[in-house]
Amino acid sequence: ATALLTFSFYIFNFLCTATTPLVAAKRSAGREKEAIGVGGQALSLAFVLGATLSVTLIAFRYPLLDLMGSSVSGEDATGYAVDFLTIRALAAPAVFCISASTGILRGYLDTKTPIFILFVANVVNFLLDVALIVFAGLGPAGAAIATTTAEWISALLFLSVLAGKLPSADGELGRKEGSEGQKTVAITPSLSVPPWEEVRPLVVASSSVFLRTSILQLFLSTSAALAARGVDMPGGAAASISAHQIAIQLWMLCSFTSDALAAASQGLVADGIGRNNMVEVHD
């Protein structure tokens, strides 16, 4: 179930990576209204895709888990996986909102606010894990409830910051220290359907990232499905998939080291391009 969720959530990472340079370039070029428009479109797209994914995962949870090899691990494992997947699927709109919001904030060169919000979410997640797993004895379902709750809290905090209801780490969004002439920015999901000309840059930028991430996650998910079928290995399928998940988590932890450089580069390069400062871009 975890591998399936990772695949489902991570392939939509373009909501962050494609949004960041588009917002940064338009903002630094002085086209604030267009930057806000891109942010609103990204948030709307996040909720639409998230709701669609939630329905899909819940409706097809049994065949999807069977495809991932949960039936090989026994009825108990399948039951735990179904409960875990069903609850975690409800967090899809929140996860995508977090991704899009992080991309928008990076476009405003604000990388502190996401850290603070995600720190709060992780503290909530940990406390709920202890309460629901250790004391309530809910097992995987408790872990799913804790993570889903923390992600929705995180999404609401992001939306409050973008809407100007809560201050960002640097004060009010759009106002840096010493820039008194700037107005506070308020970015909310767009309720209207924008013309193709407006959403085309976001769609085009997203498609390439979506394809690359889909291929990567497809191979990782396939390896998880094969590991779940490792009944001939010492310890059986349970030991096989457990070892695989430990290894993949360590691999992902190491990959996040370079993610910090990628995140900073996206915002800074696009900011330089928007100001037409090619020297700074090359540096």
Q) If you take the beta carbon distance between Ser255 and Asn276 as r and set R0 to 45 Å, what does 1/(1 + (r/R0)^6) give as a FRET efficiency, to the nearest 0.05? A) 0.85
Q.
For the chain, take the longest principal axis of its alpha carbons; what is the angle in degrees between that and the long axis of helix 92-107, to the nearest 10 within 0 to 90?
A. 30 degrees
Q | With every protein chain in place, segment 1-48: carbon and sulfur % of accessible area (1.4 Å) | A | 64 percent
Q.
Over the Cα atoms of the chain, each weighted equally, I'd like the Debye log10 I(q)/I(0) at q = 0.14 Å⁻¹, rounded to two decimals.
A. -1.05
Q. Using modelled amide H (1.01 Å from N, peptide plane; none on Pro or chain starts), what sits under 5 Å from the amide H of Ser168, excluding residues fewer than 5 places away?
A. Leu173
(Q) Under the 0.36 nm per residue contour assumption, what length would be gained going from the current alpha-carbon distance of Ala59 and Ala186 to full extension? (A) 42.1 nm
Q) Once the Cα gyration tensor of segment 35-106 is diagonalised, what are the square roots of 5 times its eigenvalues, in whole Å and ordered largest first, as equivalent ellipsoid semi-axes? A) 32, 10, 8
Q. For a label point 7 angstrom out from the Cα of Phe119 toward its Cβ, which stretches of segment 257-271 have the backbone nitrogen within less than 13 Å?
A. none
**Q.** Among 149-158, 78-87, 248-257, 218-227, the order from most to least packed when residues are scored by Cβ within 10 Å on average
**A.** 149-158, 78-87, 218-227, 248-257
Q | Surface accessible to a 1.4 Å probe, per residue, for the residues of the chain, Å² | A | 53 Å²
Q) So, with a 1.4 angstrom probe, what is the percent of accessible area on segment 93-169 that is carbon and sulfur? A) 76 percent
Q | Virtual paramagnetic centre 7 Å along Cα→Cβ of Thr52, amide N under 16 Å, in segment 7-31 | A | 8-16
Q | Cut-off 12 Å (backbone N to label point 7 Å along Cα→Cβ of Ala262), residues of segment 82-119 | A | none
Q: Note down the magnitude of the dipole of the chain about its Cα centre, charges +1 on Lys and Arg C-beta and -1 on Asp and Glu C-beta and zero elsewhere, to the nearest 20 debye.
A: 460 debye
Q.
Which order do you get for Val209, Val120, Val161 if you rank them by accessible area with a 1.4 Å probe, largest at the top?
A. Val120, Val209, Val161
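The values are calculated or read from the model by the stated rules, or taken from the named source; none is laboratory data. Note that the coordinates shown come from a computational prediction; the quantities given were computed from them, not determined experimentally. Methodologically, a virtual Cβ is constructed for each residue, glycine included, from the backbone with ideal geometry; neighbour enumeration extends over all protein chains shown. Surface areas here come from the heavy atoms of the whole protein model, side chains and all, with no ligands, DNA or RNA. Shrake-Rupley method; radii C 1.70, N 1.55, O 1.52, S 1.80 Å.
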